[in-house]
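Engineer: Below you'll find the structure I mean.
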Amino acid sequence: MDRGAGSACGVTEKDETMATADPKAAFTGDFERLREGLPGRGAAWLDALRRDAISAFALAGFPGVRDEDWKYTNILPALKDRLEPVLDSEAAAVDDSRLRPLVSQASGITADAPLVVFVDGHFRASLSRPGGSVAGASVRLSSLRERLATDPQQLEPWLGRYLPVAAHGFAALNTAFLDDGAVIEIAEGAINEQPLHVVYLATRRERPFVAYPRNVVIAGPRSSALVVEHYIGEDGARCLTNAASEVVLRSGAVLGHVRIQDEAKSSFHVARVEVEQGPGSNFVSHAFGFGAALSRTELTVRLAGEQAECRMSGLYAMDGSRHVDHHVTIDHCAPHTRSDQLFKGILDDKSRGVFTGRVLVRAGSQKIRAMQKNPSILLGEGAVAETRPQLEIYADDVVCNHGATVGRLDESALFYLLSRGIDPREARRLLVAGFAAEVVESVVPETLRHALTAMVGERIRALGTAAKGQAA
């Protein structure tokens, strides 16, 4: 099928007007028009997966503020424009020279590590690191589109098995339209010390668009690796990134996962990360939210095997009227499992930060330890932090606690620094940087930690921590 036939993506002016008024109909119509050109078409299991997904979307539509889980995040501004997927031919038409500086800046945080780059949702070999498609014989890093086109059966045991399409409309659409993304397979016993870096770049286009990155990460038994999932955008890019990742840790696997959302302020970002942990596995997650006008990241971890552990941390820093939402669910499905969460927010101007941390301990899952903390600093008089800890416990031999604080900079600490002759702007920057450091300092390896420290420092300076807020 010629996906680009006729007017832009085959959409007439009348269709577009109707679609803008009814985004649900627009997305459903796009699927019917584009599905023949999606990779893996003809594989019965994949066709059924996409069919079930679009049916789930048709039934549920988009979540709204009347849904309890979306109570504080109104997604309607992301849907006010007509959003169409970018075709692979359209993505390929963007010249490398325009994108290379952004990619170079992003890839610099992992030095010479293997790198794959996607432009507006499509794999770009020319921007990926030479040799980065294979990081040694024990790790395979490839394009989802390529794998679906050549041998979709290899992905049947994993793709679509962990992301529930009934969760909400965005999850359903990601599965219905799944086209490209990163597939990372780490062999049994493999120890991979270099980060595996996946960069998603959104370009500035004449019309707003939607991209559906889909990642699959399979960490084999007793393997060890670090995956960096990185979202960036050109200034002025107007897009909705609807991303999803399915991550599986088999018995004894150790996996680090660093997620950086630093897209353009004119963009929107909705993402879901589903993690399944086997016995004795260890998952360490870091989530950084710096970009987009509105972003929501959902992280769900199922501790399905005994002695499985996860440590999750996050840092978000917002200004203007931007909105960031992290929705974390830790599901203790097996006894003798452990989880720790630390998410910190820095909110300036009239920005809003939302954190929901749900811990579920299922019946029979004894000897559980679950900790959760969500402190936030408000720099602007109009900034708002919403924090919602949720403990749901059906076992009696557990240790679970949570803590949340919302406040402003410590006046006594600020006075101390000012009394030592430190400039007020620098004094506030130092205090905010100290607040953020606890999250960044837990990142390994050291080279990545230093790069993230610099990135966070730049973000804090951009907030203008001394120009507003408390008086000197």
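The values are calculated or read from the model by the stated rules, or taken from the named source; none is laboratory data. None of these values were measured; they are calculated from a predicted model. Cβ: placed from backbone, ideal geometry, glycine included. Neighbour counts: every protein chain shown. To get the accessible areas, we keep the full protein, side chains included, count just its heavy atoms, and leave off ligands, DNA and RNA. Shrake-Rupley method; radii C 1.70, N 1.55, O 1.52, S 1.80 Å.
Engineer: In whole percent, what relative contact order does the range 282-347 give with Cα contacts below 8 Å and a gap of six or more residues? Mind showing how you got there, number by number?
Structural biologist: Working: 131 pairs, mean separation 27.7, N = 66.
42 percent.
Engineer: For the chain, I need the span (max minus min coordinate) of the C-alpha atoms along each principal axis, in Å, sorted largest to smallest.
Structural biologist: 70, 50, 47
Engineer: Right, here's the next one. Could you list log10 I(q)/I(0) for the range 240-374 at q = 0.10, 0.11, 0.16, 0.19 Å⁻¹, which the Debye formula gives when each Cα is one point scatterer?
Structural biologist: Summing over Cα pairs of the range 240-374 leads to -0.33, -0.39, -0.76, -0.99.
Engineer: If you take every DSSP beta bridge fully contained in the chain, what fraction is antiparallel? Give it as a percent rounded to 5. Spell out each step's value before the answer.
Structural biologist: Numbers: 8 of 139 bridges.
Beta bridges within the chain, antiparallel portion: roughly 5 percent.
Engineer: Give me the mean projected area, in nm² to one decimal, of the convex hull enclosing the Cα positions of the range 286-343. Kindly include the intermediate steps, with their values, before the conclusion.
Structural biologist: Values: hull surface 14.9 nm².
Over all viewing directions, the range 286-343 projects a mean Cα-hull area of 3.7 nm².
Engineer: Just read off the accessible area of residue 329 with the full protein assembly in place, 1.4 Å probe, to the nearest 10 Å².
Structural biologist: Accessible area, nearest 10 Å²: 20 Å².
Engineer: Work out how much length residue 399 to residue 74 would gain on full extension: take 0.36 nm times their residue separation and subtract the Cα-Cα distance, in nm to one decimal. Show your work: numbers first, answer last.
Structural biologist: Details: separation 325, 0.36 × 325 = 117.00 nm, distance 3.45 nm.
Difference between extended and current length: 113.6 nm.
Engineer: In debye, nearest 20, what is the charge dipole magnitude of the range 253-410 about its Cα centre with +1 on Lys and Arg Cβ and -1 on Asp and Glu Cβ, if you could check? Each step should come with its number before you reach the end.
Structural biologist: Values: 18 positive and 19 negative charges, 5 e Å.
Magnitude of the dipole: close to 20 debye.
Engineer: In debye, nearest 20: dipole of the range 93-247 around its Cα centre with unit charges on the Cβ of K, R (+) and D, E (-)? Please list the in-between numbers first.
Structural biologist: Details: 14 positive and 17 negative charges, 44 e Å.
The dipole of the range 93-247 has a size of about 220 debye.
Engineer: Can you compute the modelled spin-label distance between residue 350 and residue 191, with each label point 7 Å from Cα toward Cβ, in nm?
Structural biologist: 5.4 nm
Engineer: Which one of 79, 31, 378 is farthest out on the positive end of the charge dipole of the chain, using unit charges on Cβ (Lys, Arg +1; Asp, Glu -1) and the Cα centre as origin?
Structural biologist: 378
Engineer: I would also like to ask the following. Rounded if a/c is under 1.5, else prolate if a/b is larger than b/c, else oblate: which is the range 160-229, with a ≥ b ≥ c the root eigenvalues of its Cα gyration tensor? Please report the intermediate quantities before stating the final value.
Structural biologist: Details: a/c = 3.74, a/b = 1.56, b/c = 2.40.
In terms of gyration-tensor shape, oblate.
Engineer: Which entries in 71/350; 24/350; 265/373; 344/367 show an alpha-carbon gap greater than 22 Å?
Structural biologist: 24/350; 265/373; 344/367
Engineer: On to the next question. Within the range 154-207, report the GluC sites (Glu not before Pro) that DSSP leaves as loop and that have at most 15 other Cβ atoms within 10 Å. Please report the intermediate quantities before stating the final value.
Structural biologist: On the way: sites: 185, 188, 193, 206; in loops: 188, 193, 206.
Within the range 154-207, the qualifying GluC sites (Glu not before Pro) (loop, at most 15 other Cβ atoms within 10 Å) are 188, 193, 206.
Engineer: Could you tell me the calculated FRET efficiency between residue 426 and residue 371, based on Cβ-Cβ distance and R0 = 45 angstrom, to the nearest 0.05? If you can, show how the numbers build up before the last one.
Structural biologist: Values: r = 34 Å, r/R0 = 0.75.
So the FRET efficiency works out to roughly 0.85.
Engineer: Which parts of the range 135-167 would a label at residue 48 reach, counting a residue when its backbone N lies under 18 Å from a point 7 Å out along Cα-to-Cβ?
Structural biologist: Flagged as within label range: 152-166.
Engineer: Further question: What does the accessible area per residue of the chain come to in Å², with a 1.4 Å probe and no ligands, DNA or RNA counted? Each step should come with its number before you reach the end.
Structural biologist: On the way: 18260 Å² over 472 residues.
Per residue, the chain has 39 Å² of solvent-accessible surface.
Engineer: Using a simple charge model, +1 on the beta-carbon of Lys and Arg, -1 on the beta-carbon of Asp and Glu, nothing else, what dipole does the chain show about its Cα centre, in debye to the nearest 20?
Structural biologist: Numbers: 53 positive and 60 negative charges, 130 e Å.
Result for the chain is approximately 620 debye, rounded to the nearest 20.
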